[in-house]
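For reference, the structure is listed below as structure tokens.
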């Protein structure tokens, strides 16, 4: 599948590297490919610079948001939540029309420091904002409630843990669920919460996720459910 | 321990019945004990009327909010979130001063139907509102992220699942943790998230909890964590 990943950070890199290894045709979209490609400063959390990462993943192409999204069958929004609507606008509504847009971003607002609040919550969500801005796109929310290492390697954690998804288009959700299975998620681990309004709950879990990660001292965990 | 439980609904009944069975001296607080005691209509979810429930639990006393809280060592807020500040005010600031107030309520707003939104979220929480309104009370948030059947019988679900707690007073959290252990929670299942600001995340998990319960068709589940 031709996949465009919008966002050059750790999440974008992780998904791009894994999806490329799985045989997909992956292009990372960014505002200015020359600037991104030349970026040699390490990432925020001591991760490799984009150019170092890219040197290890030469088959992943780097392009403008629009050039990445144009030929793509599926677009993944892996930008920071505050930048998502701008990045998708730069990708171009005509390049999103009729396509699956997998939104893995979280609307985290760090303007008042850590822990962040959400810039949208409760009666709305980032995923719904994206859907309203691009009504002919088929927005599916998933993968936002875990660290990127878990997204692409669920077997790295023991036991049964979950990846939620929601969206208004059943076929788009099936496409995303198939992609999740390729990433290693068992069918039973993929929890369809229903319509895109469920993205509110999926995004609102982030403050608890952050509190837990602070207490555990690791991001290497994921939510699970105990049930009878 | 002398325990006052504010709230006569399913949550208050469940906690009262179980804590009384554990040997505690339990009084349920309500606005008008005569009206509550005479209530013979079944509960919202087909549960027994208060008078039927009370007939089966004669050692649990029923009193006004203030009369229940006055002699209590520990007060549990099990009212509906929208009624909590009013109920605690009726209990009287002087009756809460210096005491542990265990807040198990959720600020669910059903005014726009189902699913509810939260009346406070993101940059504040019901638990923090209560703490600000009663600054000398020792507010601890816990048990809000599960059904009342799970609160009082964690062994009813398989596997390792969690009860979160948070609060600004370490001794008060120890008191609550000891009570949770009495209810059947293993020490390892009690997850201290830190200060009371973590109540934001604990309350914001409710929309996801509701989505999951709708999809599962049961409230008999609880959150767990998979970690390395």
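In the list A:97, A:137, which residue meets the criterion of being out of contact with any helix residue (DSSP H, G or I) (no Cβ under 9 Å at 6 or more places or on another chain), at pLDDT 95 or above and at negative phi?
Details: A:137 fails: out of contact with any helix residue (DSSP H, G or I) (no Cβ under 9 Å at 6 or more places or on another chain).
Only one candidate passes the filter, namely A:97.
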Looking at residue B:157, is it within 8 Å of chain A (Cβ to nearest Cβ) and closer than 14 Å to residue B:202 by Cβ? no
Restricting segment A:212-228 to residues that are touching a residue at least 40 places away in the same chain (Cβ under 8 Å) and more than 19 Å from residue B:199 (Cα to Cα), the one farthest from the other protein chains (Cβ to nearest Cβ) turns out to be A:219
Regarding segment B:154-163, can at least one residue be identified that is modelled with pLDDT of 95 or more and farther than 23 Å from residue A:159 by Cβ? no
Pick from segment B:1-10 the residues that are part of a strand (DSSP E or B) and within 13 Å of the chain's Cα centre (by Cα): which of them is farthest from residue B:181 (Cα to Cα)? B:6
Within segment B:191-206, is even one residue closer than 22 Å to residue B:15 by Cα, at the interface with chain A (Cβ under 7 Å from one of its Cβ atoms) and assigned to a helix (DSSP H, G or I)? yes
Scan segment A:170-182 for residues that are over 13 Å from the mean Cα position of the chain (by Cα) and touching a residue at least 60 places away in the same chain (Cβ under 8 Å) and report the count. 3
Go through (1) within 30 Å of residue A:92 (Cβ to Cβ); (2) outside any strand (DSSP E or B) for residue A:166 and report which single condition fails. (2)
So for segment B:25-41 (the condition being crowded, with 17+ Cβ neighbours inside 10 Å, under 24 Å from residue B:140 (Cα atoms), out of contact with any helix residue (DSSP H, G or I) (no Cβ under 7 Å at 6 or more places or on another chain) and in contact (Cβ under 8 Å) with a residue 12 or more places away in the chain), does at least one residue qualify? no
When you go through A:172, A:186, A:199 one by one, which is the residue that is surrounded by fewer than 18 Cβ atoms within 10 Å (Cβ to Cβ) and more than 23 Å from residue B:150 (Cα to Cα)? A:186
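Matching residues to (1) surrounded by 20 or more Cβ atoms within 10 Å (Cβ to Cβ); (2) touching a residue at least 12 places away in the same chain (Cβ under 8 Å):
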{"residue": "B:93", "(1), (2)": "no, yes"}
{"residue": "B:96", "(1), (2)": "yes, yes"}
{"residue": "B:109", "(1), (2)": "no, yes"}
{"residue": "B:118", "(1), (2)": "yes, yes"}
{"residue": "B:128", "(1), (2)": "yes, yes"}
{"residue": "B:158", "(1), (2)": "no, no"}
Somewhere in segment B:136-145, is a residue within 13 Å of chain A (Cβ to nearest Cβ) and either part of a loop (DSSP other than H, G, I, E, B) or over 17 Å from the mean Cα position of the chain (by Cα) (or both)? yes
Restricting attention to helices (runs of 4 or more DSSP H) lying wholly within segment B:11-125, give those where 2 or more residues are under 16 Å from the mean Cα position of the chain (by Cα). B:65-69, B:81-91
Give the residues of segment A:207-228 that are assigned to a loop (DSSP other than H, G, I, E, B) and loosely packed, with under 15 Cβ neighbours inside 10 Å, sorted by residue number. A:217, A:218, A:228
Residue among A:87, A:66, A:21, A:16 that alone is buried (at least 20 other Cβ atoms within 10 Å of the Cβ) and without any contact (Cβ under 8 Å) to a residue 60 or more places away in the chain: A:16
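The values are calculated or read from the model by the stated rules, or taken from the named source; none is laboratory data. Here the structure is a predicted model, which is why all the values come from computation and not from measurement. Glycine also receives a Cβ, built like all others from the backbone with ideal geometry; neighbour counts cover every protein chain displayed.
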